[in-house]
Amino acid sequence: KSSKREWKPLEDHSCTDVPWLLLFILFCVGMGFVCGFSIATGAAARLLWGYDSYGNICGQKNVKVEGIVNSGLDLTHKKYVFFLDPCNIDLVHQKIKSIALCVSACPRKELKTLADVQKFAETNGSTLCSYELQPSEYTTDPRAAKLCPKYPVPESAPIPFFHRCAPVNISCYAKFAEALITFVSDSSVLHRLISGVMTSKEIIMGLCLLSLVLSMILMVIIRYISRVLVWILTILVILGSLGGTGVLWWLYAKQRISASALETQIAKDNLQALLIYAIAATVFTVILLLIMLIMRKRVALTIALFHVAGKVFIHLPLLVLQPFWTFFVLILFWTYWITVLLFLGTTGSPVPNEEGFVEFRMAGPLKYMWWYHVVGLIWISEFILACQQMTVAGAVVTYYFTREKRNLPFTPILASVNRLVCYHLGTVAKGSFIITLVKIPRMILMYIHTQLKGKENACARCMLKACICCLWCLEKCLTYLNQNAYTATAINSTNFCTSAKDAFVILVENALRVAAINTVGDFMLFLGKVLIVCSTGLAGIMLLNYQRDYTIWVLPLIIVCLFAFLVAHCFLSIYEMVVDVLFLCFAIDTKYNDGSPGREFYMDKVLMEFVENSRKSVKEAGRGGGAEGRELKPM
């Protein structure tokens, strides 16, 4: 009796895991201290206004640095940082290997000789050579070869808000990307890839917007035609994959015929890219058709579950907007985090280096603050995502355990947010911290694997990859268990450990049902993502086909498809959460209620039909197993 009184949906509300909330608040205070310390030590001024190689902050008076000749200058009228060789980037030490100076204006046109540099200084009053040289000495002093910029000096413009002179020509950035992307042996290929992205930027933005619109349309379709959605998705994905593959082979054949007339390198690159795309699309289509052939008997079982989830979205339309709010909050936090990280990169005391210039370094325990900052990135990001999960779970729980849907709150989403803020922030903090504890070792191992690439033996490499894979699997399992623990907390207002234990017991008791629902339901949602990516990619192929003579498709199409998948995943993951929460609510309902007076079911009839059909299907597949037959008897 006591175990059956444990579940009182929406009856009792109490604060859960308060010590963990206090710990999380203290951690956030520590994050604020890191930000405040970096600002107080002058890092904000050095980041925003910039500083030269002698420790002088541009645009203000400076204090003399002991042992540095050109430090302590009054640079009130020199507000921009100019690098003598801006394209000389040291990736290992993450800095530009060039002397930095404060100048009053950036060169807005290319300067080809020292005479042009001297004329620019006399005309604009902006000296681009080191401070000890006067403009009249630029063409006569032998030190000018080292103390003046490398010519030709590229045309540059100041970066908004950061007062750095940056080259306008993208070839400089192409050389930087060339150092990052080691698999590109021909630098001209990389230059053409980047120019293709810049040429097609309007098309890329339009296609990204198209993927967003298609995702929202799919969510609307899920709401109103959930009964036929599964079959529509199945047919559209088959037609889309076959059609996309056929179009790719048709374009390849067409361009191969006309390749003799176009002997440009861009045309050859596009032809090769089309062949790779066509082969990859063919392999993908064959695998997809085989999977759908195997799962064809279970497709019908998903229809009832989608129907119930569609009802949830009809009553809770604001669920569709959850990805926007979560993404907006994450963007705000990531912007803050990156800003503080940049502050930390310029904080510390001025120290002369071996070249006679100034570097800012932190001494003592303070130099490890960025580790604390990295942990904050993981924990707070997971906390924000967990808040979304708790909000969705609370809203769906309110819908499920309200017998008369007319009595639902005006905005169940806001009611769920209110319960989260008032009672369950500690539970969310604890669950997100557990995920953080798994993520950090995995990221450390990935970093070690990257640093030792090519140096370790085969056994060590295999062990590292196995550990990384095991931690990844553990993280996914804990994420799924956390989501169900949040649902149990929303139902019964229990702390994280109790909720996780109760949810785990429920899931184990319904293991075969969970497997059937997750397998078929997740696969159909995956088909929805594939549909959006294929539609966006097909539109991109047709649009970029008009630019095939002067741009390369590879990078623009990859960017568009990745963004389309990300958008589709954000939207359909909400649908997946709703399905998981509904199933846990149903399992609890069937365990603690039997339909008798005083213990009436809360469930929807369609959901009961789905589970019964799933039971019959699994029972037929495993006929002859007595233990399975006993486990699947109706409760």
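The values are calculated or read from the model by the stated rules, or taken from the named source; none is laboratory data. Quantities reported herein were computed from a predicted structural model and do not represent experimental measurements. Heads up, the Cβs are rebuilt from the backbone with ideal geometry, glycines too, and the neighbour counts pull from every protein chain shown. Note: accessible area is taken over every heavy atom of the protein model, side chains too, but ligands, DNA and RNA are not part of it. Shrake-Rupley method; radii C 1.70, N 1.55, O 1.52, S 1.80 Å.
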Separation in nanometres of the label points that stand 7 Å from Cα toward Cβ, at GLU509 and TRP472: 3.5
Pairwise label distance in nanometres, ASP522 with THR450, each label 7 Å out on the Cα-Cβ vector: 2.7
Accessible-area composition of segment 22-61, carbon plus sulfur, in percent [1.4 Å probe]: 78
Gap separating the Cα centres of segment 356-399 and segment 437-511, nearest whole Å: 18
Proximal charge balance of ASP116 [Cβ under 14 Å; K/R count +1, D/E count -1]: +2
Segment 312-369, accessible area per residue, ligands and nucleic acids excluded (1.4 Å, Å²): 57
In segment 410-502, the chymotrypsin sites (Phe, Trp or Tyr not before Pro) that fall in loop regions by DSSP, at most 14 other Cβ within 10 Å: PHE410
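For segment 378-449, which trypsin sites (Lys or Arg not before Pro) are both in a DSSP coil and crowded by at most 14 other Cβ atoms within 10 Å? Please report the intermediate quantities before stating the final value.
Values: sites: ARG403, LYS405, ARG406, ARG419, LYS430, LYS439, ARG442; in loops: ARG403.
Hits after loop and neighbour filter: ARG403.
Using Cα-Cα distances under 8 Å and only pairs 6 or more residues apart, what relative contact order does segment 325-367 have, in percent?
On the way: 24 pairs, mean separation 10.8, N = 43.
Once normalised by length, the contact order is 25 percent.
Report relative contact order for segment 24-166 in percent, whole number only (criteria: Cα-Cα under 8 Å, sequence separation at least 6). Walk me through the numbers before you get to the answer.
Numbers: 239 pairs, mean separation 29.6, N = 143.
Answer for segment 24-166 is 21 percent.
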